[in-house]
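The block underneath contains the structure these notes are about, expressed in structure tokens.
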Amino acid sequence: MQISYLKPLYTKIVEGKLHLAFAYQHLSILKEDEQFHFIPLDGKEMVVNLKTYKIENVSDVFVFQNGSRFMRLPLHQLLLISNIYDYLLPIIEEKTVNNCDYNKDEINEEINYLMEEIMQFHQENLIDKLLDAKDFDNLKNLQQQVEYQLGFSTMCQKR
């Protein structure tokens, strides 16, 4: 048994969970060369925890129909015996990328702050090493570089 078609009617993210709602014929399975289409009698949606990527409502029963024949499949069984993850993964990835809560400006500010902290630590460490080695020529060069950087960053801030 395998999935032949899966396209949710709609998706929504609520409290870190992706809800995929299905309507009539939005999910089809192929069993022994026969096509069965989803009908919304019992279970109508899948709920995916976006932190663990686990489907939470595995006990829900999905009903499929081929003519006058019906097949009831608990979601946990459908997950075990089909290729449903091949269809679900792209949907989950698309929704999680599009609903990212990160603010790019905040991230850039944080990166700049961390880079300044690293550079400051590196300079202090280098000064300590130069003082320990009594290398006053390179210490003077470092001081000039720091003054130049401070002057340059002050000019950039004024703009």
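The values are calculated or read from the model by the stated rules, or taken from the named source; none is laboratory data. The structure presented is a predicted model; accordingly, all values stated were derived computationally and were not measured. In this analysis, Cβ positions are derived from the backbone assuming ideal geometry, glycine residues included, and neighbour counts consider all displayed protein chains.
Odds and ends about this structure:
- Residues (of a type in the set (A, V, I, L, M, F, W, C) and assigned to a strand (DSSP E or B)) located in segment 20-41: L20, A21, L27, I29, L30, F36, F38, I39
- The one condition in (1) over 26 Å from K12 (Cα atoms); (2) modelled with pLDDT of 85 or more; (3) assigned to a helix (DSSP H, G or I) that I91 fails to fulfil: (1)
- Each residue in segment 42-52 was checked for being surrounded by 14 or more Cβ atoms within 10 Å (Cβ to Cβ) and not in a strand (DSSP E or B), and 3 of them qualify.
- Residue that is farthest from the chain's Cα centre (by Cα) [pool: residues in segment 1-19 that are outside any strand (DSSP E or B) and without any contact (Cβ under 8 Å) to a residue 40 or more places away in the chain]: L9
- Within segment 2-33, tally of residues that are surrounded by 17 or more Cβ atoms within 10 Å (Cβ to Cβ) and over 16 Å from I91 (Cβ atoms): 1
- V58 vs. criteria under 15 Å from L20 (Cα atoms), out of contact with any Pro (no Cβ under 6 Å at 6 or more places or on another chain), at pLDDT 85 or above and not in a helix (DSSP H, G or I): yes
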